[in-house]
Amino acid sequence: MQQNEITSSLSVLDDKGQPQNFGWSKTPGFFYDPVLVVAPRYKISEYDRYIVHSPTHLVVFEIRDDGWLGYMGISVISMRDKKRSTQVYRTFFPFGSYELPTSSLAGSVRWRKKKSHLDFICMDNGIKIIKVDIPKFGRHRSIRGALVLMEPPASQSLVTNQPWRNEKNAFRYSRCSPWYYTEGAIQFGSSEIIFTRGNGWGILDWNRCVRPKADIRFWAAACGMSKGRQISFCVGYSWADFSQGTENGFFIDGFLHKLDQVTFHIPMSDWLSPWKFTSSDNRLEMSFFPHQERIDRRNLFIYYSSRRQVCGFFSGKVQLDDGSIIEFQNLTGFAERSKMRL
């Protein structure tokens, strides 16, 4: 499939507020402003999500504004046993009150509720900082700490701008950067989760969109080391029109190798059995070995969404743009299926 690579700075919306300039890019150079969107505010969905992992834990931080419902969630998942803890705070009808930035390169997010806070801070040189302090988290524990996420030298991202075929106002503008080096510490109850360079990794999942009436989206990402090289990826698909650019790519030491369409082969009767991933260009063969799963549902009036997340380990091989083959073993990450309807 011929994909449209965008190499210059373009606007996601035209002067009438209609989505335009569909395709993919290695840099987050699109311009997006929700004030220009002609759709009702309740149809705009914006979220920043970070998935970080150490040898012992995977932690998910998310701040999300879905119009009808706002959401701040943190999940702490042990990769040594099947224990996990999740804390979710909901806000009814946020309609932009979270003030999520219009760019993934600048601006910070600061969520507050009484004595609790979660901050996503964007610094110079692409550095991201996560600060968290939740005095009452899960079963009477607390979580607090700070993490610094740093880019590899001259790194690239996978940025896409996608339409829906039968809904002219709907689009998804997204950035995935699955290659951050992560350093810092999270105090979780009486335990301390340590992230050090080479043993701490971070994935940025950044989305701004006008939702369609319904959607089902599959998405997966992971990061780690294999034979002395940093290997990471993001793959996915949904009911959007991917004819001008897919969400699929592998990163070697931060450099993107773009893939065509990728299919998730999920054992529907048992999601904790091994999965398979293949690509239409025959460049990817990958297995996923699930560790544990989490199901999350949100419902308010006509708005409904659900997400089934499975974390675990990825192994396989991928053909790079120059034709060489690279193999990898036991990259820590997760895969998910999200459903939404209005």
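Remarks
- Strands (runs of 3 or more DSSP E) wholly inside the range 52-137 containing at least 3 residues that are closer than 24 Å to P34 by Cβ and out of contact with any helix residue (DSSP H, G or I) (no Cβ under 9 Å at 6 or more places or on another chain): 57-65, 69-78, 84-92, 109-113, 116-122
- Residue satisfying all of: in the range 1-24; touching a Gly at 6+ places or on another chain (Cβ under 8 Å) and in contact (Cβ under 8 Å) with a residue 60 or more places away in the chain; surrounded by the most Cβ atoms within 10 Å (Cβ to Cβ) among these: W24
- Considering each residue of the range 322-330 in turn, none proves to be under 25 Å from A240 (Cα atoms), charged (D, E, K, R) and out of contact with any helix residue (DSSP H, G or I) (no Cβ under 9 Å at 6 or more places or on another chain).
- Restricting attention to the range 225-253, the residues being surrounded by fewer than 19 Cβ atoms within 10 Å (Cβ to Cβ) and either more than 26 Å from M340 (Cα to Cα) or among the charged types (D, E, K, R) (or both) number 7.
- Scanning the range 60-73 turns up no residue that is at pLDDT below 95, over 29 Å from A222 (Cα atoms) and aliphatic (A, V, I, L, M).
- Checked against (1) out of contact with any Asp or Glu (no Cβ under 8 Å at 6 or more places or on another chain); (2) at pLDDT 95 or above; (3) assigned to a strand (DSSP E or B); (4) not aromatic (F, W, Y), P267 passes all but condition (3).
- Count of residues meeting criterion [under 11 Å from G67 (Cβ atoms) and in contact (Cβ under 8 Å) with a residue 40 or more places away in the chain] in the range 38-56: 7
- Any hit, the range 236-251, residues being among the β-branched types (V, I, T) and in a strand (DSSP E or B): no
- Looking only at the range 61-87, and only at residues there that are within 16 Å of V109 (Cβ to Cβ) and free of Cβ contacts under 8 Å to residues at least 40 places away in the same chain, the one that is nearest to the chain's Cα centre (by Cα): E62
- The condition (being over 23 Å from N199 (Cα atoms), basic (K, R) and surrounded by fewer than 16 Cβ atoms within 10 Å (Cβ to Cβ)) is satisfied by just one residue among K258, K276: K276.
- The set of residues in the range 215-229 being of a type in the set (G, A, S), more than 11 Å from the chain's Cα centre (by Cα) and modelled with pLDDT of 95 or more consists of G224 alone.
- Yes/no for V159 being farther than 22 Å from C209 by Cα and not in a loop (DSSP other than H, G, I, E, B): no
- Pairing residues of the range 254-273 that are without any contact (Cβ under 8 Å) to a residue 60 or more places away in the chain and within 23 Å of N4 (Cβ to Cβ) with residues that are of a type in the set (S, T, N, Q) and surrounded by 15 or more Cβ atoms within 10 Å (Cβ to Cβ), at Cβ distances under 6 Å and at least 6 apart in sequence or on separate chains, gives L259/N248; L259/S279; V262/N248; V262/S279; T263/T278.
- Of the residues S190, S238, the single one that is out of contact with any strand residue (DSSP E or B) (no Cβ under 7 Å at 6 or more places or on another chain) and not charged (D, E, K, R) is S190.
- Residue-level check: of (1) more than 23 Å from Y181 (Cα to Cα); (2) buried (at least 16 other Cβ atoms within 10 Å of the Cβ); (3) aliphatic (A, V, I, L, M), M268 misses just (2).
- Condition met for S232 (of a type in the set (S, T, Y), in contact with a Pro (Cβ under 8 Å, 6 or more places away or on another chain) and part of a strand (DSSP E or B)): yes
- Considering S287, S315, the condition of being crowded, with 16+ Cβ neighbours inside 10 Å, touching a strand residue (DSSP E or B) at 6+ places or on another chain (Cβ under 7 Å), at pLDDT 95 or above and farther than 25 Å from A214 by Cα is satisfied by S315 alone.
- Enumeration of residues in the range 132-189 that are closer than 19 Å to V76 by Cα, polar (S, T, N, Q) and surrounded by 20 or more Cβ atoms within 10 Å (Cβ to Cβ): T182
A quick yes/no check of all residues on (1) part of a strand (DSSP E or B); (2) touching a His at 6+ places or on another chain (Cβ under 7 Å); (3) within 30 Å of Q2 (Cα to Cα):
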| position | (1), (2), (3) |
| --- | --- |
| K276 | yes, yes, yes |
| S287 | yes, no, yes |
| N299 | yes, no, no |
| C311 | yes, yes, no |
| D322 | no, no, yes |
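The values are calculated or read from the model by the stated rules, or taken from the named source; none is laboratory data. Here the structure is a predicted model, which is why all the values come from computation and not from measurement. FYI the Cβ positions are ideal-geometry reconstructions off the backbone, even for glycines, and counts take in every protein chain you see.
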